Amino acid sequence: MTKNIEISPKTLAQQVRRDIVRMVYEAKSGHPGGSLGCVETLVSLYLDVMDLHSEFRMNGQNEDMFFLSNGHISPVWYSVLARIGYFEVRELATFRQINSRLQGHPTPYEHLPGVRVASGSLGQGLSVAAGAALAKRLAHEKNKVFVLMGDGEQQEGQIWEAASFAAHHKLDNLIAMIDVNGIQIDGRTQDVMNNRDLAEKWKSFGWEVEIITDANDYDLVTARLKSIKAKQNQPVCVLLHTVMGKGVDYMENSHKWHGNAPNQAQFESAMNQLPSDLLDY
Amino acid sequence: MYQIKDLLIRGQKDTRSGFGDAMAEMVDNEKIVALCADLTGSLKLDAFKEKAPNRFFQAGIAEQNMIGVAAGLSLSGLIPFATTFANFATARVYDQIRQSIAYSKTNVKICASHAGITLGEDGATHQIMEDIGLMQMLPHFIVINPCDYYQTYQATKAIALTQDPTYLRFGRPVLPVFIPENAPFEIGKALKLNDGKDITIVATGHLVWEAVQAIEILEKEGISCDLLNIHTIKPLDLDAILASVKKTGKILVCEEHQRLGGLTSTIALNLSEIHPTPLKSISMMDTFGESGTPNDLMKKYGLSSENIVKTIQSWLAL
Ligand SMILES: Cc1ncc(C[n+]2csc(CCOP(=O)(O)OP(=O)(O)O)c2C)c(N)n1
Ligand SMILES: [Mg+2]
């Protein structure tokens, strides 16, 4: 494992929430809603679930790999990557600024440790992860490949191409996770374009489906992801039920906060709701 | 440097077979993996597939996913060759290429057959002539459009040795194999096929053979032509073009592609900046193709030796 981090995951999760709100506030743009909802998942993956080298390696050999397909929730990823030591925490202050490695959407173009392929245009991450999983199998590696997608993102056709591909090629080292917050830009997912029964859909494509009913419960999401990883024998799709905007009352469950920056009063209110023992960047 | 009179016809083959044969020969390179979207035979990949079944991946009719899978495969150091018809390898999947390959600088080789109007009878839905433009616009991309079986074979082997995202474009018609066996193939370096003084002909892809035939006719009339075979569209060998036009003062660009966005546009832009030179183009004039035999189509749309001869005759007669 990477982390000789002494902080408890839950303490770290709280600080990641503060980072997310601060980054979006200072950049006056970005996507806090999905980011806040996925805090536990990303902290859990990087602290407790994935086996990682202590330093970032582009080729991901002999370690687990993570891809973020819903690249707009870059703030949560950047904060976690910095907080576990992939790069300096103070670099978070450059988010969305000129000459930064922390682009609005993640990219390896600026050589940010942790990022292997760009995302932002939705629907592409599962294919890339499937390719990485295939490469691991060719190399007889035991490690796993994780990818996170949005639930609105499930409307993209390419995801279903990739779903067929992974099942057909029996990628039993691929774990696809979906942030099921029920919300996308224009409103509730069921109103914008009903995904219907995602679990049934993925099953019918040949995947095993696991449901985590409260993926904002750190212990629950960690225990479940660990056991899924341990006993996997086919591609697994994990439906993570989260709350968009989790932890900031006025952002919770509102599509308005998919991609909006708080004003100063809202920023201060959020900071008051998220006390932390750690230092802000 | 060569002279056209020395070029020997070594057989009749399609360019795509040059790709397939090179792939089959490179099968012992364990880094090479191939993907295809339900067109394995058309891409001449059967031999590779047979020799390395564990390194050939059927992607099904799902090209967007194939591009992403190729990007993911490359991260570990594998060299994925993602293949299908040129239309479905570029226009169909442009955003996937842009984000997962070009911007991410993943070492994927997109190898595309059935490019251009010479695809023939299937008609305009399949005859892409916008692909060079699309692909050369992408930062990081190398774009190669070889002219015969042998040059396609050489190009396939050459791109396996680089780390760059690459587009390799070839086609379906059976044409003379005329590139000499000892001809060098260097990515980004034009191949000079004839030395002349009256006009520079720059040709790429299947139109190189048309240019060769045209020059034989023109030479009998006392018109001598410089012929540059541009196989690498990007990076462009501007030095070779410049050296030639400084001598001849005129350039004719021949390509099986829309004039807008293709080699014609690129050369016009570059020469305008550094050495303005009168230019004409043998290319698709902002129109779609149609069904027909490759030969009939080349004639109808002016992508032919006859049209090259006519264009140069009337230009030089002025
Ligand atoms: C191909 C593509 N189309 C549209 C967009 C614009 N866009 C960005 S995020 C988003 C909504 C995504 O919804 P969801 O996956 O549920 O993410 P969440 O809002 O829950 O964070 C859209 C439409 C995009 N980034 N890519
Ligand atoms: Mg959502």
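Just so it is clear, none of the values below were taken in a lab; they were calculated from the coordinates. What you are looking at is a predicted structure, and each value in this text was computed from that prediction instead of being measured. Virtual Cβ from ideal backbone geometry, glycine too; neighbours counted across all protein chains shown.
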Check: Which shape class, rounded, prolate or oblate, goes with the stretch B:12-176 when its Cα gyration tensor gives a ≥ b ≥ c as root eigenvalues, a/c under 1.5 marks rounded, and past that a/b bigger than b/c marks prolate?
Finding: rounded
Check: In a shell of Cβ-Cβ distance under 13 Å around A:Asn70, excluding A:Asn70 itself, what net charge do Lys and Arg (+1) and Asp and Glu (-1) give?
Finding: -4
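Per residue of chain A, what 222 nm ellipticity follows from adding -39500 (n - 2.57) for every DSSP H run with n ≥ 4, rounded to the nearest 500?
It comes out at -10500 deg cm²/dmol, rounded to the nearest 500.
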Notebook entry, point to check: To the nearest µm²/s, what D does Stokes-Einstein give for the stretch A:1-59 at 10 °C and 1.306 mPa s, using the Kirkwood radius over alpha carbon pairs as Rh?
Noted result: 125
Checklist line | Label-point separation in nm, A:Arg196 to A:Gln234, each point 7 Å along Cα→Cβ | finding: 2.0
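Arrange the peptides B:105-117, B:121-133, A:249-261 so that the one whose residues have, on average, the most other Cβ atoms within 10 Å appears first.
Packing proxy ranking, top to bottom: B:105-117, B:121-133, A:249-261.
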Next item on the list: Determine the sum of side-chain charges near A:Ile228: Lys and Arg each +1, Asp and Glu each -1, restricted to other residues whose C-beta is under 10 angstrom from that of A:Ile228.
Entry: +3
Note to self: For peptide B:27-39, what's the mean number of Cβ atoms from other chains within 10 Å of each residue's Cβ?
What the structure shows: 1
Next item on the list: Using only Cα atoms, tell me the angle between helix A:125-138 and the longest principal axis of chain A; keep it within 0 to 90° and round to the nearest 10.
Entry: 50
Notebook entry, point to check: Per residue Cα convex hull volume for the protein assembly as shown, in cubic angstrom?
Noted result: 155
Next item on the list: Using only the alpha carbons of the stretch B:114-154, determine the length spanned along each of the three principal axes and report them from longest to shortest in whole angstroms.
Entry: 34, 26, 9
Notebook entry, point to check: Just the C-alpha atoms of chain A: what Rg/Rh do they give, with Rh taken as the Kirkwood radius?
Noted result: 0.94
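Specify whether the C-alpha gyration tensor of the stretch A:1-160 places it in the rounded, prolate or oblate class, a ≥ b ≥ c being the square roots of the eigenvalues: rounded for a/c under 1.5, otherwise prolate if a/b is larger than b/c and oblate if not.
oblate
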Check: Residues of B:100-111, mean number of Cβ from any other protein chain within 10 Å of their own Cβ, rounded to a whole number?
Finding: 4
Item checked: Equivalent ellipsoid semi-axes - Cα gyration tensor, chain B, angstrom -> 32, 19, 19
Next item on the list: Return the sequence-ordered ³J(HN,Hα) values of the stretch A:152-164 in whole Hz as given by the Karplus equation 6.51 cos²θ - 1.76 cosθ + 1.60 applied to θ = phi - 60°, using x for Gly and Pro.
Entry: x, 4, 4, 6, 6, x, 4, 4, 7, 4, 5, 4, 4
Notebook entry, point to check: Which translational diffusion coefficient, to the nearest whole µm²/s, is obtained for the stretch B:95-181 from the Stokes-Einstein equation, given a Kirkwood hydrodynamic radius over C-alpha pairs, 37 °C and 0.692 mPa s?
Noted result: 238
Item checked: Hypothetical label at A:Arg188: residues of the stretch A:242-269 whose amide nitrogen lies under 15 Å (7 Å Cα-Cβ projection) -> A:244, A:253-256
Check: Helix-derived [θ] at 222 nm for chain B: sum -39500 (n - 2.57) over DSSP H runs of at least 4, divide by residue count, nearest 500?
Finding: -10000 deg cm²/dmol
Next item on the list: Give me the distance between the Cα centres of the stretch B:1-54 and the stretch A:161-210, rounded to whole Å.
Entry: 38
Next item on the list: Return the distance in nm (one decimal) between the two label points of a simple spin-label model at B:Ala183 and B:Asp164, each offset 7 Å from Cα along Cα→Cβ.
Entry: 2.0
Note to self: When a/c reaches 1.5 or more, the comparison of a/b and b/c decides; with that in mind, is the stretch B:182-317 rounded, prolate or oblate per its Cα gyration tensor?
What the structure shows: rounded
Notebook entry, point to check: Based on the Cα gyration tensor of the stretch B:16-57, what are the three equivalent ellipsoid semi-axes, each the root of five times an eigenvalue, rounded to whole Å and given largest first?
Noted result: 14, 12, 7
Next item on the list: Measure nothing fancy, just the Cα-based angle from helix B:207-220's long axis to the longest principal axis of chain B, in degrees from 0 to 90, nearest 10.
Entry: 20
Item checked: Tilt relative to chain A, helix A:74-83 - C-alpha long axis, 0 to 90 degrees, to 10 -> 80
Checklist line | Number of partner chain Cβ atoms within 10 Å, mean per residue of B:72-85 | finding: 6
Check: For the stretch B:186-236, what is Rg from Cα atoms divided by 2.2 N^0.38 Å, rounded to two decimals?
Finding: 1.14
Checklist line | Distance from the stretch B:108-184 to the stretch A:44-66 (C-alpha centre basis), Å | finding: 38
Margin query: Expected output is a single nm value to one decimal: the length gained when fully extending between B:Ala124 and B:Asp28, i.e. 0.36 nm times separation in residues minus the C-alpha distance. What is it?
Written below: 30.8 nm
Item checked: Inter-label distance, nm, simple model (7 Å from Cα along the C-beta direction), A:Leu220/B:Asp38 -> 4.2
Item checked: Two-site FRET efficiency, B:His275 against B:Ser224, from Cβ-Cβ distance with R₀ of 30 Å, rounded to 0.05 -> 0.90
Notebook entry, point to check: What's the local net charge at A:Arg101, with K and R +1, D and E -1, over the other residues with C-beta under 13 Å away?
Noted result: -1
Check: Could the peptides B:273-281, B:198-206 be put in order, highest first, of the mean number of other beta-carbon atoms found within 10 Å of their residues?
Finding: B:198-206, B:273-281
